[in-house]
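Here the structure comes first, spelled out in structure tokens, and everything after it is commentary.
The values are calculated or read from the model by the stated rules, or taken from the named source; none is laboratory data. Bear in mind the structure is a predicted one, so any value in this text is a computation, not a measurement. A quick note on method: Cβ atoms are made from the backbone with ideal geometry, for glycine too, and the neighbour counts reach across all protein chains shown.
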Amino acid sequence: MEMQTKYFTTSEAKKTLPLVKQIVKDILFKSRELRLLAEDLGKLAESDPNIIKMMGELKAYLKEIEELGCYYKDWSFSIGLVDFPSVIKGNEVFLCWRSDEEDISWYHTTDEGYQGRKPIPDDYL
């Protein structure tokens, strides 16, 4: 069963942001922890029970983001990038937030990606 896309108004996305911030903080922390442990273990890492447990925790955090209707987009696990599906001026877009930003102030079209970020128009804030 395919989930239907949830579209956020800017206001709804901003109300969700405190929870998203906490989950992203957990994702970034867990991924750093995982990376350090994997480096210490070397080739044995993939079969280590701690690694397997931490991978499960990381997947659970990512699933939490997804269940909110958002998309986690930082697969290097360095900046904590999250997209919120939205509609601006009749076009499907992503409201775009990264973990070092206080608020959601940027968006990009679905085909431009992060490099195409633009300020959210005032009448959509």
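Each residue in segment 51-107 was checked for being farther than 24 Å from residue 125 by Cβ and part of a helix (DSSP H, G or I), and 16 of them qualify. Scanning segment 34-76 for residues that are touching a strand residue (DSSP E or B) at 6+ places or on another chain (Cβ under 6 Å) and either among the basic types (Lys, Arg) or without any contact (Cβ under 8 Å) to a residue 24 or more places away in the chain (or both) turns up 71, 73. When segment 70-92 is limited to residues that are β-branched (Val, Ile, Thr) and under 25 Å from residue 28 (Cβ atoms), the one that is farthest from the chain's Cα centre (by Cα) turns out to be 79. Which one of the conditions (1) part of a helix (DSSP H, G or I); (2) modelled with pLDDT of 90 or more does residue 46 fail to meet, given that it meets all the rest? The failed condition is (2). The residues of segment 81-125 that are of a type in the set (Lys, Arg) and exposed (fewer than 15 other Cβ atoms within 10 Å of the Cβ), listed by number, are 89, 118.
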